[in-house]
Amino acid sequence: MYTLSSRLKLTAIIFMIVGAIGLVYAFIAAPDTIEDVKEMMAADEHHGSEDVAVVENDIHLANPEHAEDEHIIAEEHAGEDAQGEMAHGEEAGHDNEHYEHLLHQLQNKPWAAVYVAAFFFFMIALGTMAFYAIQQASQAGWSPVLFRVMDGITAYLLPGSIIMFILLALSGMHLNHLFIWMDPEVVAHDELIQNKTAYLNVPFLLIRAAIYIAGWNIFRYLIRRNSLRLDEATDDRLHKTNFKLAAGFLVFFLVSESMMSWDWIMSVDPHWFSTLFGWYVFASMIVSAVTMIALVTIYLKSRGFLEYVNDSHIHDLAKFMFGFSIFWTYLWFSQFMLIWYSNIPEEVTYFITRIDDYTLPFFGMVVMNFVFPVLLLMNSDYKRLNLFVIMAGIIILCGHYLDIFVMIMPSTVGESWFIGIPEISALLMFAGLFVFIVFSGLTKAPLLPKRNPFIKESKHFHY
């Protein structure tokens, strides 16, 4: 039986506290009014303005003749100023609209940081549940010694999905502007969103979310309960029941995951859509999940647990990390290439925004999610070395956090993005919560499923 070490527990709690404090500061520091935005922009530009004033004064001192020239120019433009006053009124209205838009973006920043981090760790738990179901439905013989690791990671599925539901509900209560289609003023002037209101409306969104969350967690509860009961059973009836449950879960998952990705991510930018998007999010989800399984397994093995896990199990996990990284890259390129090549304005604007304003994270995640896994895990021998698997795993997880970041941020904070206190704090808080729940879940059952029909094959899995 695994026991949660006090050091790991303390570390997780510290992460949560530090992250929570940082988020409280981020929400307090967010501007409340347009005047606050103007003050923030003035403060940012203050240093540059002083430099300009110093340079101008230096020019006047060095060239006294300029003062007389400027006096003449000022008289010539006096009449023009009067004519421009009316235009200034119109510009002021336009400026106020700009400041209001910027206000919404800056207010969105801490909300978006929480949303990205919450979804990132939630999708790891959901992806692990899907991978676990695949192992059950395929009657895999290599993986049963890892089943309790997967059980532990999926312990975060319930709290993670509830947090996502709460964030959606808070958005529906107009406490933020993450989803522009929830704003009646925006919808009133946007014909494209008006045509989607039968699907994109808050009550229906929350009803769908409740159905997804209930389905995922009911399947998880039943499969785990049967797995634990199987340890004390005298026949394989519960194993056969889990086989059927896993097959049913996969059918439900494939439909609900695609719809969830449309609802929770793609609708952040309701003017754009991709028929590949559900698969694209699934690829990010599954590779992150397998990576987390590998990292948790290696950690437990290093602490003297999982005695039957050997290099061949790690090798297989690393192969899945490598293979799903290639799969993610294929879907990323297919989605990007088809839209970019067709060059349809309402579609290609999605990528133009990300390439122009998010150049580093947009292309950086491709390097982290494809180039590094290929370099580190291409060699078969490297897949058996924990150091290489850990290095690749950390890079992959960071890369897929950036993937979610690039999906959400352009439509919520625009050009006002920066990986600062809100983003780091949210990541720390949810990482601490994830570690605490996962490793607490691992303590609630023996790490070896005793009566799984394939457990002997899994114990002696070597190649």
What number of residues within segment 326-350 satisfy the criterion of being touching a Leu at 6+ places or on another chain (Cβ under 9 Å) and either open to solvent by 60 Å² or more (accessible area, probe 1.4 Å) or among the hydroxyl-bearing types (Ser, Thr, Tyr) (or both)? 3
Sort out which residues of segment 121-134 are more than 18 Å from residue 258 (Cβ to Cβ), of a type in the set (Phe, Trp, Tyr) and open to solvent by less than 10 Å² (accessible area, probe 1.4 Å), and write them in order of number. 132
Return the pairs, sorted by first residue and then second, in which the second residue is open to solvent by 10 Å² or more (accessible area, probe 1.4 Å) and at pLDDT below 95, the first residue lies in segment 423-440 and is within 21 Å of residue 300 (Cβ to Cβ) and hydroxyl-bearing (Ser, Thr, Tyr), the beta carbons are less than 9 Å apart, and the residues are 6+ apart or on different chains. 440/4; 440/9
Residue hits (segment 23-41; open to solvent by 90 Å² or more (accessible area, probe 1.4 Å) and closer than 28 Å to residue 433 by Cβ) are 25, 28
Selection over segment 138-162 where residues are surrounded by fewer than 20 Cβ atoms within 10 Å (Cβ to Cβ) and more than 23 Å from residue 314 (Cβ to Cβ) yields a count of 3
Tell me, which residue of segment 1-22 that is exposed (fewer than 14 other Cβ atoms within 10 Å of the Cβ) and in a loop (DSSP other than H, G, I, E, B) is modelled with the lowest pLDDT? 1
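Could we say that residue 350 is modelled with pLDDT under 95 and under 16 Å from residue 298 (Cα atoms) here?
Working: modelled with pLDDT under 95: yes; under 16 Å from residue 298 (Cα atoms): no.
The answer is no for residue 350.
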Name the residues in segment 396-422 that are within 29 Å of residue 323 (Cα to Cα) and either without any contact (Cβ under 8 Å) to a residue 60 or more places away in the chain or surrounded by fewer than 16 Cβ atoms within 10 Å (Cβ to Cβ) (or both), would you? 398, 399, 402, 406
So, in segment 295-334, of the ones that are among the hydroxyl-bearing types (Ser, Thr, Tyr) and assigned to a helix (DSSP H, G or I), which residue ends up farthest from residue 275 (Cα to Cα)? 302
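State yes or no: is residue 287 farther than 30 Å from residue 259 by Cβ, among the hydrophobic types (A, V, I, L, M, F, W, C) and surrounded by 19 or more Cβ atoms within 10 Å (Cβ to Cβ)?
For residue 287, the condition - farther than 30 Å from residue 259 by Cβ, among the hydrophobic types (A, V, I, L, M, F, W, C) and surrounded by 19 or more Cβ atoms within 10 Å (Cβ to Cβ) - is not met.
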Verdict on residue 196 being farther than 30 Å from residue 309 by Cβ and open to solvent by 50 Å² or more (accessible area, probe 1.4 Å): yes
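Quick grid of which residues meet (1) within 21 Å of residue 129 (Cα to Cα); (2) open to solvent by less than 30 Å² (accessible area, probe 1.4 Å); (3) among the basic types (Lys, Arg):
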{"residue": "394", "(1), (2), (3)": "yes, no, no"}
{"residue": "426", "(1), (2), (3)": "no, yes, no"}
{"residue": "442", "(1), (2), (3)": "yes, yes, no"}
{"residue": "449", "(1), (2), (3)": "yes, yes, no"}
{"residue": "453", "(1), (2), (3)": "yes, no, no"}
Would you mind stating whether residue 74 is modelled with pLDDT under 50, of a type in the set (A, V, I, L, M, F, W, C), part of a helix (DSSP H, G or I) and open to solvent by less than 80 Å² (accessible area, probe 1.4 Å)? yes
Only residues in segment 352-370 that are free of Cβ contacts under 8 Å to residues at least 12 places away in the same chain and more than 15 Å from residue 423 (Cβ to Cβ) count as the first member; pair them with residues that are open to solvent by less than 70 Å² (accessible area, probe 1.4 Å) and not polar (S, T, N, Q), Cβ under 7 angstrom, at least 6 apart or cross-chain, and list the lot. 355/362
Looking at this structure, is residue 379 part of a loop (DSSP other than H, G, I, E, B), over 23 Å from the mean Cα position of the chain (by Cα), surrounded by fewer than 20 Cβ atoms within 10 Å (Cβ to Cβ) and modelled with pLDDT under 95? yes
Conditions (1) over 18 Å from the mean Cα position of the chain (by Cα); (2) aromatic (Phe, Trp, Tyr); (3) buried (at least 16 other Cβ atoms within 10 Å of the Cβ); (4) outside any loop (DSSP other than H, G, I, E, B) -> residue 362 fails only (1)
Helices (runs of 4 or more DSSP H) enclosed by segment 176-276 - at least 3 residues per element that are without any contact (Cβ under 8 Å) to a residue 12 or more places away in the chain: 184-188, 202-230, 237-264
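The values are calculated or read from the model by the stated rules, or taken from the named source; none is laboratory data. Treat the numbers as computed from the prediction; the structure is a model and nothing was measured. No Cβ is skipped: glycine too gets one built from the backbone with ideal geometry, and neighbour counts run over all protein chains shown. Remember, those area values only see protein heavy atoms, side chains included, never the ligands or the DNA or RNA. Shrake-Rupley method; radii C 1.70, N 1.55, O 1.52, S 1.80 Å.
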